[in-house]
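Nothing in this text is a laboratory measurement; each read-out follows from the coordinates by a stated rule. As the structure is a computational prediction, the values presented were derived from the model and not from experiment. Here the Cβ positions follow ideal geometry from the backbone for every residue, glycine too, while neighbour counts run over all protein chains shown.
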Amino acid sequence: MKVEIKEANSKGSAFIAENGENIAEMTYSIASAELIIIDHTEVKASLQGKGAGKALLMEIIEKARRENIKILPLCPFAKSVFDKDDSISDVLR
């Protein structure tokens, strides 16, 4: 699974595309230079249960670590991953 990130204005997303269509996407708002707010995750049925959602989140976490950004996970899926994995709490706000 190749995860890509795109940003425009105050919005961003991590996504997995197939044949030009996003088959998994996690969206976020750029609140400031130091904070992003993850607000939604959507994974097509063909990828559900295969770790796509976590792959999206991990890509955003790696970006946050590189750029010294904190994450506020309002999306229930992202919040549940943060709640279960202390190893990623360094980027949590």
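D by Stokes-Einstein for the chain, Kirkwood Rh over Cα pairs, 37 °C, 0.692 mPa s: 250 µm²/s. Using C-alpha pairs below 8 Å separated by at least 6 residues, the relative contact order for region 35-93 is 44 percent. Antiparallel versus total DSSP beta bridges in the chain: what percent is that, nearest 5? So the antiparallel bridges amount to about 80 percent of the total. Restricting attention to the chain, lysine pairs at least eight places apart or on different chains and with alpha-carbon atoms under 21 angstrom apart total 25. Modelled this way, with points 7 Å down the Cα-to-C-beta line, the labels at N19 and K2 are 1.7 nm from one another.
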